[in-house]
Amino acid sequence: MKIWNDDEVKFLFSKVEECKKRKEGIKKAFVLHAQRYARKPNSVRNYYYMEVDNLVKDGCRQKRLGINLEMHKKNHFKTFEKGDCESLVKEIEMLRKNGYSVRAACQKLAQGDLSKMTRLQNKYQNIKKKSIKNAKNIVIFQKKEKIINENDLNSLVMGVVKLIKKTAIENFIEEEKNEKEKVEEKLRESEEKLNKKNLEIEGLKQEYEKIKNENLLLKASLQTSSRKLGKLKMKIGNKKVQEFSKVE
């Protein structure tokens, strides 16, 4: 993969650092970079991780670009063990009893790390889906044994519907938030461009006034020179008349 120029690399790494400081996913940095440099977000992502590896090996280039690799360490997640899954579910369920949503509970457990929070949330939801699937199998078996009645079955179905609805709402809110952030970023970029144009216009106005004043001064100077020339012509004319008179 071709190495990008220094300014583009520094812009990419600065955007990643901004996202991490705001506890946001670095995917946003890839999107912003792609929009500015007319690239694809996935290509930006691939280049970023390649460049991180390059800078680890090339200390001189790292120093020249002024990039702190402590802000760009890769996350290496370990696989969830059975005990980890059980512990995760217990902790999230306990926080939910205290009024937390699933997302808020995962965010608290991840201590603000968005990538880890997303991983915990996905793991919890997968565990719950498997539990619901197993519960359905148990219900079918028990129905044959006539252990539960129709009302119990309806309650279970409604519980599943509420869970799906809640997950859909949370996903919609997250998408809306991401879309809002994209719009705000575009507005900021437009404002920066507008301010730059206003500065250029102001500079042109000042240059115009300068040229206008210089023209006025030049015009006044020409008028003065014209008057002096007229007086000089009159003097020369009078002198010639006097000399002619003396000859006669």
Calculate, for the stretch 161-235, the solvent-accessible area per residue in square angstrom, rolling a 1.4 angstrom probe over the heavy atoms of the protein chains.
-> 94 Å²
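For a protection proxy built on the mean count of beta-carbon atoms within 10 angstrom, sort 172-183, 39-50 highest first, please.
The peptides rank, most packed first, as 39-50, 172-183.
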Would you mind checking Lys40/Lys205; Lys23/Lys165; Lys108/Lys129 for any pair whose Cα atoms are more than 32 angstrom apart?
-> Lys40/Lys205
Estimated FRET transfer efficiency when R0 is 35 angstrom, pair Ser226-Asn198 (beta carbons, to 0.05) = 0.25
Given the peptides 58-71, 215-228, 96-109, 7-20, arrange them by the average over their residues of other C-beta atoms within 10 Å, most packed first.
-> 7-20, 96-109, 58-71, 215-228
Using a 1.4 Å probe on heavy atoms of the protein chains only, the accessible area for Ser190 in Å², nearest 10, reads 70 Å²
Label points 7 Å out from Cα along the Cβ direction at Asn213 and Cys85: separation in nm?
-> 7.9 nm
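The values are calculated or read from the model by the stated rules, or taken from the named source; none is laboratory data. Quantities reported herein were computed from a predicted structural model and do not represent experimental measurements. Heads up, the Cβs are rebuilt from the backbone with ideal geometry, glycines too, and the neighbour counts pull from every protein chain shown. Note: areas computed on protein heavy atoms with side chains; ligands, DNA, RNA excluded. Shrake-Rupley method; radii C 1.70, N 1.55, O 1.52, S 1.80 Å.
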